[in-house]
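Okay, structure first, notes after.
The values are calculated or read from the model by the stated rules, or taken from the named source; none is laboratory data. Please read all numbers here as calculations on a predicted model, not as lab measurements. All Cβ positions, glycine included, derive from the backbone under ideal geometry; neighbour counts span all protein chains shown.
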Amino acid sequence: MRHQQYHQPAGLMLEVELQRLVDRFYAKVRQDELIGPIFNAAIGDWPEHLEKLGAFWSSVMLTSGRYKGNPMAAHIRHAAAIEPVMFDRWLDLWRETAAEVLEAGHANAVIAKAERIAESFKLGLWFRIDASGSAVPQLRAEGT
């Protein structure tokens, strides 16, 4: 008797796909010359952090509510070491990895979300809203 192979319905993203993306992506990040040193210095327990990041992306993409945290606060703690170009490199690696591990529709969805998140982080780290409602660069203190 032949067994029918189950195919995931189109449009449905699974937790396991997101975790595979996170795991492969951060393996690349850890080896990257530009952003690897920042991440490796900031993360003490990679398995725990990868689980937390899986929960974050599950919450973002699947509205699972699994993530309980404040990612902006985590980035602000390391603002002195982060430069805007690092977000560009992060996005390059994210796009590359998403295309490798996800079907095109899912990859496009996580890439679009990551681009919005990166833009929000950049605004939060380096800009403030003035009285007119315009975003203006924040002056970084000496050494930050």
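Per-structure values
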{"quantity": "Residue pairs meeting the criteria (Cβ under 8 Å; at least 6 apart or on separate chains; first farther than 24 Å from Glu17 by Cβ, in segment 104-128; second modelled with pLDDT of 90 or more)", "calculated": "Lys122/Phe87"}
{"quantity": "Any chance Gly105 is surrounded by 13 or more Cβ atoms within 10 Å (Cβ to Cβ), among the small types (Gly, Ala, Ser) and in a helix (DSSP H, G or I)", "calculated": "no"}
{"quantity": "Residues (loosely packed, with under 14 Cβ neighbours inside 10 Å and part of a helix (DSSP H, G or I)) located in segment 33-43", "calculated": "Pro37, Ala41"}
{"quantity": "Condition met for Asp23 (farther than 24 Å from Gly124 by Cβ, acidic (Asp, Glu), in contact with a helix residue (DSSP H, G or I) (Cβ under 7 Å, 6 or more places away or on another chain) and at pLDDT 95 or above)", "calculated": "yes"}
{"quantity": "Qualifying residue in segment 121-132 (condition: exposed (fewer than 15 other Cβ atoms within 10 Å of the Cβ), small (Gly, Ala, Ser) and either within 19 Å of Gly36 (Cβ to Cβ) or modelled with pLDDT under 90 (or both))", "calculated": "yes"}
{"quantity": "Check on Ala114, farther than 24 Å from Trp126 by Cα, within 15 Å of the chain's Cα centre (by Cα), of a type in the set (A, V, I, L, M) and surrounded by 11 or more Cβ atoms within 10 Å (Cβ to Cβ)", "calculated": "no"}
{"quantity": "Residues of segment 44-78 that turn out to be of a type in the set (A, V, I, L, M) and surrounded by fewer than 16 Cβ atoms within 10 Å (Cβ to Cβ), as a count", "calculated": "5"}
